[in-house]
Amino acid sequence: MFRLKHDHIVTYYGSELNTKNGQLNIFCEYMPGGSLDKMIRTVKKGNSNNKGGLDLDTVRCYGYQILSGLVYLHGENIAHLDLKPANILIGMNQRVKLADFDKCKKFNNDGNTIRCEKLTDSYVGTILFSAPEVMQWSLFNPVDNRGQQVSRRSDLWSFGCTLVNMLTGE
C-alpha cells in the first residue's frame with residue numbers, strides 16, 4: 001500500500017501489530033468528511049419524503065474522482081473488488097478517495113481479463129455492489145480463489161451501483 005500515490009487514493013502511513021490481542025492497526029490519512037455512505041444516508045434522512053440522493057453536480061464531481069482513482073488502480077494492476085460508498089472517504093474541499101483495500105487483488109494484464117493472485121483469504125466484495133462474476137467466485141470458491149477470472153468490469157459494475165446509490169439514496 002505504500003507505493004500507491006494518487007489524489008484519489010487514501011494515503012497509507014503504516015501498520016502495527018498489537019501483540020497483546022493480535023489486532024492489526026492500520027494508519028491512514030485522516031478524512032474529516034467520513035464515508036460517502038454516511039453522507040448519502042444523512043441527505044436521505046434530511047429529505048422530507050425520505051427519498052432521493054445527492055444532487056447531480058455532487059454526483060458528477062464525486063463520480064469523476066472515483067473513476068480517476070479506479071483508473072490509477074487498474075494502471076497499477078490492482079482490482080479493488082469492494083468499491084462501495086462505505087469505502088469512499090470524503091476529505092477537505094469535497095475531495096473523495098478510495099479506501100479499504102483488504103479485498104483488492106493484484107492481477108496480470110491479459111487483454112480485458114484479469115488473472116487474480118490471492119492476496120487475502122477473505123471473501124470478496126459486498127453483495128449489493130459486487131459484479132455477478134465476483135459474487136459467483138466468492139460463493140463457490142471461498143478458500144481457493146487463485147486464478148479466478150474477473151475483469152476491470154468488476155470494479156466498473158460496482159462504480160455503476162455506487163452512482164445509482166448516490167443518485168437515489170437506495
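The values are calculated or read from the model by the stated rules, or taken from the named source; none is laboratory data. In this text the structure is predicted, and so the values were computed from the model without any measurement. No Cβ is skipped: glycine too gets one built from the backbone with ideal geometry, and neighbour counts run over all protein chains shown. Surface accessibility is based on the protein's heavy atoms, side chains included, excluding ligands, DNA and RNA. Shrake-Rupley method; radii C 1.70, N 1.55, O 1.52, S 1.80 Å.
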Problem set entry | Which of Cys161, Cys104 is most accessible, then next, and so on - probe 1.4 Å | Cys161, Cys104
Exercise. Under 5 Å between amide H atoms, partner at least 5 residues away or on a different chain: which partners does Ile9 have, H built in plane at 1.01 Å?
Worked result: Leu98
Exercise. Under a 5 Å amide H to amide H cut-off, with H placed in plane at 1.01 Å, what residues pair with Ala131 once short-range neighbours are removed?
Worked result: Ser158
Exercise. Over segment 13-66, what percent of the accessible surface lies on carbon and sulfur atoms, probe 1.4 Å?
Worked result: 52
For this session: Using a 10 Å cut-off on Cβ atoms, rank the peptides 14-20, 153-159 from the highest mean neighbour count down.
Result: 153-159, 14-20
Exercise. Counting Lys and Arg as +1 and Asp and Glu as -1, what is the net charge of the other residues whose Cβ lies under 15 Å from the Cβ of Thr58?
Worked result: +2
Seminar exercise, completed: For the pair Asp57 and Glu170, the simple spin-label estimate (label points 7 Å beyond Cα toward Cβ) gives in nm 2.7
Problem set entry | Rg(Cα) / (2.2 N^0.38 Å) computed for segment 1-103, rounded to two decimals | 1.20
Exercise. With every protein chain left in place, what is the accessible area of Glu29 in Å² (1.4 Å probe, nearest 10)?
Worked result: 40
